[in-house]
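The values are calculated or read from the model by the stated rules, or taken from the named source; none is laboratory data. Here the structure is a predicted model, which is why all the values come from computation and not from measurement. For neighbour counting, all protein chains shown are included, and Cβ atoms are generated from backbone atoms with ideal geometry for every residue, glycine included. Just the protein is used for accessible areas: all its heavy atoms, side chains included, with ligands, DNA and RNA removed. Shrake-Rupley method; radii C 1.70, N 1.55, O 1.52, S 1.80 Å.
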Amino acid sequence: MRISNTQLRDFIKDSSLVKDDELEASFAEAERDKKKLGDVMLEKKLVDGIQLRKLYAYILGVPYVEISKEVIPREILQIIPEPIAKKYKIVAFEKSGHELKVAMLSPDDIQTIDFIRKKTGLRIVSCLTSEESIETVLKQYSKSLKAEFGDIISKNAEEISEAEDGEDEQDSEDLEKVAQGLPIIRIVDTLIKHAILQNASDIHIEPDEKEVRVRYRIDGILHEAMILPKQVRDGIIARIKVLSNLKLDEHRVPQDGRFKIEQDGLKISFRVSILPIFDGEKIVMRLLNESSKGLTLEAMGLSGDGLEAIHREIKRPNGMILVTGPTGSGKTTTLYTIMDILNTPDVNISTVEDPVEYRMPRINQTQVHPQVGLTFAAGLRSLLRQDPDIIMVGEIRDKETMEMAVQAAMTGHLVLSTLHTNSAAGTLPRLIDMGAEPFLVASTANVIMAQRLVRKLCHDCKKEYVMNDKELKTLKDNYDMDDILEKIKGNDLLVGKLKAKDGWEDVKFYQPVGCEQCNHEGYHGRSGIFEVLPVDDDIKKMITQKATSEELETKAKEKGMLTMIDDGFIKAILGVTSVEEILRVTKE
């Protein structure tokens with residue numbers, strides 16, 4: 001935008017938005033370093049982004065609009081084609097008669113406005129908006145694809161020849177021809193585009209007797225996405241096999257593969273599993289976003305003493321760090337985040353995984369192949385001869401792997417791994433049940449972490465409420481609510497939210513409502529709830545005495561450990577998630 005530093009300074013002086021001395025100092029710095037005055041003030045946090053944009057709008061004599069929460073009708077959005085909207089950061093949001101209102105980042109860009117005017121034949125009213133608003137509205141172009149998907153299917157289904165009934169299986173040349181055909185490519189591309197758009201973690205393609213059902217797993221819950229006609233079944237399966245470099249003419253045995261795509265600056269890796277079922281072959285594709293970098297333990301939901309314990313224990317040169325929980329509870333993501341923190345040029349990190357989920361630079365990742373004898377235990381045995389400092393074992397599944405992991409932790413390596421148990425305290429007796437000597441478990445385990453994933457409430461539509469007597473009675477029948485309240489009252493995160501004299505009937509919780517921003521689900525994204533059990537001298541002593549998981553948990557609670565239930569209620573009071581979600585993921 002063509003607004004000079006002097007112009008901006010004069011307007012801010014008149015508005016008394018910033019103190020004169022701070023304004024003059026910022027102006028001098030901007031002139032000296034040849035920067036924009038607005039950027040300098042943003043860096044110094046003298047103004048926020050929206051205040052500054054409103055000021056620019058006032059100077060330019062154009063309205064300022066905030067359209068990030070608006071749902072723009074498809075017919076208005078499409079007036080400016082998506083490529084132009086993306087290139088020039090301009091979107092249409094309102095039309096009345098021959099007048100079109102557009103939101104843009106540079107309303108003084110006469111050339112773009114003139115181009116849109118000629119293209120549409122309408123009078124253009126330009127408005128200034130924020131970068132966030134533009135990005136949010138640009139996503140709506142893709143959302144309108146959902147309406148178009150029906151057209152793609154109906155137009156292309158006729159072009160795809162009716163599939164054989166099963167007696168005469170198509171040979172690989174015919175299948176390859178169908179897979180490379182434009183209609184099938186369009187259908188598969190649209191399925192993938194939707195999954196990325198909705199932040200799905202898995203795509204399920206399930207052939208039925210009369211149709212093909214497509215479901216997406218979003219925030220841990222499966223949602224029916226669409227029903228496709230049966231005649232596209234073989235084409236879709238063949239197309240995904242071509243992408244994953246799998247055998248086209250093999251329909252009797254399971255196959256696994258992977259492929260990558262880059263779209264709108266995102267790099268997505270797909271892990272493909274194909275399983276023969278009665279009505280054809282079922283496909284499940286796991287989506288792994290390789291562009292998402294910089295995930296931290298804090299961002300995952302860890303806080304307080306638990307977070308400190310993890311940071312303290314991962315700095316130790318040897319021992320075991322174990323993450324436990326059921327399938328799909330985010331254990332592998334936690335291990336990758338820890339490895340990312342430890343991944344410095346002066347250490348050798350090696351992994352044995354099944355499968356390798358994310359590729360990480362500087363980390364030597366080995367994929368297990370049981371068919372050729374490369375099991376977790378065999379891979380781990382070979383790794384110990386590779387001079388590693390830190391070893392990550394995807395999962396401790398059997399006695400042999402457990403023994404190797406304990407041995408590696410004893411001989412000066414830091415071992416990271418996962419285990420399927422319900423709680424942190426239940427992990428230690430589980431290792432002993434697998435055949436480990438209690439004194440070895442006591443001397444090698446550094447810290448145990450149990451976790452679950454809960455859906456986060458949509459911050460645009462969540463609603464505050466207080467629990468009624470009936471809800472409270474249900475909770476008290478299942479949990480020791482008085483004990484939970486006593487434990488969480490002193491928590492630093494709840495200062496101002498929970499007073500010393502408050503009972504459960506005074507505590508404010510939040511519940512899902514549903515809006516356009518969260519596809520009327522009431523939830524958007526996921527966070528973790530955790531319990532972290534540091535293995536200190538008292539716990540070590542109890543392990544050697546073969547204490548039960550209940551005894552270990554009681555001791556850990558005495559020492560201040562928050563259980564997953566406690567952590568869940570803290571997050572429910574903070575408005576991160578709902579009580580229903582906590583109950584859903586913690587009930588055993």
Exercise for the section: Working carefully through the options ILE582, ILE543, find the one that is within 26 Å of SER527 (Cα to Cα), touching a helix residue (DSSP H, G or I) at 6+ places or on another chain (Cβ under 6 Å) and either in contact (Cβ under 8 Å) with a residue 60 or more places away in the chain or of a type in the set (D, E, K, R) (or both). Expected result: ILE582
Practice task
Hey, can you tell me all the residues within the stretch 263-286 that are surrounded by fewer than 13 Cβ atoms within 10 Å (Cβ to Cβ), over 17 Å from ASP234 (Cβ atoms) and free of Cβ contacts under 8 Å to residues at least 40 places away in the same chain?
Solution key: ASP264, GLY265
Exercise for the section: Evaluate the stretch 2-12: report whether one residue or more is exposed (fewer than 15 other Cβ atoms within 10 Å of the Cβ), modelled with pLDDT of 85 or more and not in a helix (DSSP H, G or I). Expected result: no
Fill in the blank from the handout: Residue count, the stretch 511-553, condition assigned to a strand (DSSP E or B) and closer than 29 Å to VAL323 by Cα, comes to 12
Exercise for the section: Identify all residues within the stretch 361-388 that are open to solvent by less than 50 Å² (accessible area, probe 1.4 Å), assigned to a loop (DSSP other than H, G, I, E, B) and free of Cβ contacts under 8 Å to residues at least 24 places away in the same chain; write none if there are none. Expected result: GLY373
Practice task
Please work out if GLY528 is under 23 Å from the mean Cα position of the chain (by Cα) and at positive phi.
Solution key: no
Exercise for the section: Test each condition in (1) modelled with pLDDT of 75 or more; (2) touching a Ser or Thr at 6+ places or on another chain (Cβ under 6 Å); (3) of a type outside the set (S, T, N, Q) for VAL137 and report the one that comes out false. Expected result: (2)
Problem - So GLN111, is it modelled with pLDDT of 65 or more, surrounded by 12 or more Cβ atoms within 10 Å (Cβ to Cβ) and of a type outside the set (Ser, Thr, Tyr) - result: no
Handout entry: Scope the stretch 247-262; condition over 19 Å from GLN231 (Cα atoms) and open to solvent by 50 Å² or more (accessible area, probe 1.4 Å); matching residues
Key = LYS247, ARG252, VAL253, PRO254, ASP256, ARG258, LYS260, GLU262
Exercise for the section: Pick out the one residue from VAL71, VAL65 that is of a type in the set (A, V, I, L, M), touching a residue at least 60 places away in the same chain (Cβ under 8 Å) and surrounded by fewer than 16 Cβ atoms within 10 Å (Cβ to Cβ). Expected result: VAL71
Practice task
Answer with yes or no whether THR136 is among the hydroxyl-bearing types (Ser, Thr, Tyr), under 30 Å from HIS520 (Cα atoms), open to solvent by 30 Å² or more (accessible area, probe 1.4 Å) and in contact (Cβ under 8 Å) with a residue 40 or more places away in the chain.
Solution key: yes
Exercise for the section: Please list, ordered by first then second residue, the pairs with beta carbon atoms under 7 Å, 6 or more apart or interchain, first in the stretch 214-225 and over 15 Å from LEU197 (Cβ atoms) and outside any strand (DSSP E or B), second open to solvent by 50 Å² or more (accessible area, probe 1.4 Å) and not hydroxyl-bearing (Ser, Thr, Tyr). Expected result: GLY220/GLY328; GLY220/ARG526
Problem - Criterion: among the acidic types (Asp, Glu) and within 23 Å of GLU135 (Cα to Cα) - qualifying residue of GLU22, GLU29, GLU94 - result: GLU94
Practice task
From (1) in a strand (DSSP E or B); (2) within 23 Å of ARG213 (Cβ to Cβ), pick out the condition that doesn't hold for GLU262.
Solution key: (2)
